[in-house]
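A.B. asks: Structure in structure tokens, see below.
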Amino acid sequence: MNTEIQKKLTELAYKKTIPFCYGDYIECPKGVCPKCGSDDLMRFLPGVGVEYGTAWVIKHILSEGLASVDLDEAFENSMRDCYPETTTIGFLKDYDTVNAMKELDPVGWRCAQADWESFEANDGNIISFDNGATYYQVSDIEGLIEEI
Ligand SMILES: [Zn+2]
């Protein structure tokens, strides 16, 4: 996990939200509820919602500002960069190499894609904040943080 990005996004999530006491249902910009004195406060993101923690705020900021990575497409492109565009299998001349690999060994293709995804994530090129359901390009996130 890219901790630097995580840190910046968490800071951003704090900046974009206001501490909120759910019990008294009021904003507490000072970080302590003026009515009940609680500092165990939720985060309020105007126009979106109120919830504990910042993970949901980060998800919202990213989904608003960025397109997630199409992993199928990205993996396919990376494979296209690795191998010749066409290949010959027996009498099949100029067969699309990527299509051939997918069709001849679909299980192998999926395994290779899974390996590639973990490699890209470990390498810090892509990052997920929902256990791999959605990935974002780290460079896109950096750009978004700069913008904001
Ligand atoms: Zn309160």
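A.B. asks: So which residues in segment 49-62 are assigned to a helix (DSSP H, G or I) and open to solvent by less than 70 Å² (accessible area, probe 1.4 Å)?
C.D. replies: ALA55, TRP56, VAL57, ILE58, HIS60, ILE61, LEU62
A.B. asks: Let me ask something else about it. What are the residues in segment 134-148 that are more than 15 Å from ALA74 (Cα to Cα) and outside any helix (DSSP H, G or I), if any?
C.D. replies: Matches in segment 134-148: ILE148 only.
A.B. asks: Across segment 23-40, what is the total count of residues that are more than 8 Å from the ligand (Cβ to nearest atom), closer than 16 Å to GLY53 by Cα and not in a strand (DSSP E or B)?
C.D. replies: Number of matching residues: 5.
A.B. asks: Restrict the check to segment 1-21 and report whether at least one residue is within 14 Å of the ligand (Cβ to nearest atom), hydroxyl-bearing (Ser, Thr, Tyr) and open to solvent by 80 Å² or more (accessible area, probe 1.4 Å).
C.D. replies: No: segment 1-21 contains no residue that is within 14 Å of the ligand (Cβ to nearest atom), hydroxyl-bearing (Ser, Thr, Tyr) and open to solvent by 80 Å² or more (accessible area, probe 1.4 Å).
A.B. asks: Checking TRP109 against (1) touching a Lys or Arg at 6+ places or on another chain (Cβ under 6 Å); (2) in a strand (DSSP E or B); (3) not hydroxyl-bearing (Ser, Thr, Tyr), only one condition comes out false. Which one?
C.D. replies: (2)
A.B. asks: Regarding ASN77, is this residue within 24 Å of the chain's Cα centre (by Cα), of a type in the set (S, T, N, Q), under 25 Å from GLU4 (Cα atoms) and not assigned by TED's automatic domain parsing to the domain that holds CYS21?
C.D. replies: For ASN77, the condition - within 24 Å of the chain's Cα centre (by Cα), of a type in the set (S, T, N, Q), under 25 Å from GLU4 (Cα atoms) and not assigned by TED's automatic domain parsing to the domain that holds CYS21 - is not met.
A.B. asks: Among ILE89, ILE141, ILE148, ILE127, which is the only one that is open to solvent by 40 Å² or more (accessible area, probe 1.4 Å), touching a residue at least 40 places away in the same chain (Cβ under 8 Å), among the aliphatic types (A, V, I, L, M) and not assigned by TED's automatic domain parsing to the domain that holds PRO19?
C.D. replies: Selected residue: ILE148, the only one of ILE89, ILE141, ILE148, ILE127 that is open to solvent by 40 Å² or more (accessible area, probe 1.4 Å), touching a residue at least 40 places away in the same chain (Cβ under 8 Å), among the aliphatic types (A, V, I, L, M) and not assigned by TED's automatic domain parsing to the domain that holds PRO19.
The values are calculated or read from the model by the stated rules, or taken from the named source; none is laboratory data. The structure displayed is predicted, hence computed values, not measured ones. All Cβ positions, even for glycine, are placed from backbone atoms using ideal geometry, and neighbour counts span all protein chains on display. Heavy atoms of the whole protein, side chains included, go into the accessibility calculation; ligands, DNA and RNA do not. Shrake-Rupley method; radii C 1.70, N 1.55, O 1.52, S 1.80 Å.
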